[in-house]
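K.L.:
Sending over a structure as structure tokens; questions will come in a sec.
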Amino acid sequence: MADFPVFERHLGVWEGTYTRMDAATGEIVDRHKSRLTCMRDGTAWSQRNEYTWDDGRTEVQEFGGTFQDGRLSFDTPRLVGEAWEVDDDTIVLRWVYRQEPDHQFSEIITLESEDHRARIWKHFEKGAFAKLTVIDEKRVG
């Protein structure tokens with residue numbers, strides 16, 4: 001992983017909060033807790049995302065990718081996309097869900113320290129900026 005030192009620093013377990021807002025109004029449309037486990041085996045990346053809402057709902061998503069050609073590529077039944085390291089603390093991602101090809105996402109992940117990171121998703125729906133998700137996470141393992 002010498003070619004991907006920033007991804008290496010993201011390995012482990014992260015807990016935090018997702019806050020999703022309508023881009024036009026700023027209204028909060030969703031908020032939930034998260035627990036993400038990021039793992040690597042050679043050139044393979046795997047991630048388990050666990051989400052919990054205050055009303056008791058839960059969701060678990062698992063996906064993986066492959067490091068190649070200077071980026072992490074995802075091509076799963078659920079999503080397709082790519083991620084790149086852009087400086088010593090930042091990763092940029094772009095992806096689309098296969099079931100919603102007219103909904104595209106871009107994300108910036110910034111390591112504020114080795115145990116704290118902030119993430120921002122921009123949601124584009126049918127070519128329009130629709131939502132913004134702000135994620136604040138701390139490393140717990």
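K.L.:
For segment 53-89, give me each residue that is over 12 Å from the mean Cα position of the chain (by Cα), closer than 20 Å to A118 by Cβ and part of a strand (DSSP E or B).
P.N.:
Correct list: L72, W84, E85.
K.L.:
Considering G64, G56, which residue is at pLDDT 95 or above and either acidic (D, E) or over 21 Å from K131 (Cα atoms) (or both)?
P.N.:
Matching residue, one of G64, G56: G56.
K.L.:
Determine which single condition V86 fails, assuming it passes every other condition in (1) surrounded by fewer than 15 Cβ atoms within 10 Å (Cβ to Cβ); (2) touching a Phe, Trp or Tyr at 6+ places or on another chain (Cβ under 9 Å); (3) aliphatic (A, V, I, L, M); (4) more than 23 Å from T19 (Cα to Cα).
P.N.:
(2)
K.L.:
OK, next. Step by step: first the residues of segment 1-23, then only those that are of a type outside the set (D, E) and without any contact (Cβ under 8 Å) to a residue 40 or more places away in the chain, then the one that is nearest to V86 (Cα to Cα). Which residue is that?
P.N.:
Let us first name the residues in segment 1-23 that are of a type outside the set (D, E), namely 1-2, 4-7, 9-14, 16-21, 23.
With the extra rule that they be without any contact (Cβ under 8 Å) to a residue 40 or more places away in the chain, the set shrinks to 2, 11.
On the way: A2: 15, L11: 17 Å.
The extreme case among them is A2.
K.L.:
Now, a different point. If I ask for residues that are in a strand (DSSP E or B), basic (K, R) and over 12 Å from the mean Cα position of the chain (by Cα), which ones from segment 90-141 would you list?
P.N.:
K131, K138, R139
K.L.:
Any chance you could count how many residues in segment 52-77 are surrounded by fewer than 16 Cβ atoms within 10 Å (Cβ to Cβ) and under 21 Å from K33 (Cβ atoms)?
P.N.:
The qualifying residues number 11.
The values are calculated or read from the model by the stated rules, or taken from the named source; none is laboratory data. Since the model is a prediction, treat every value here as computed from it, not as a measurement. A quick note on method: Cβ atoms are made from the backbone with ideal geometry, for glycine too, and the neighbour counts reach across all protein chains shown.
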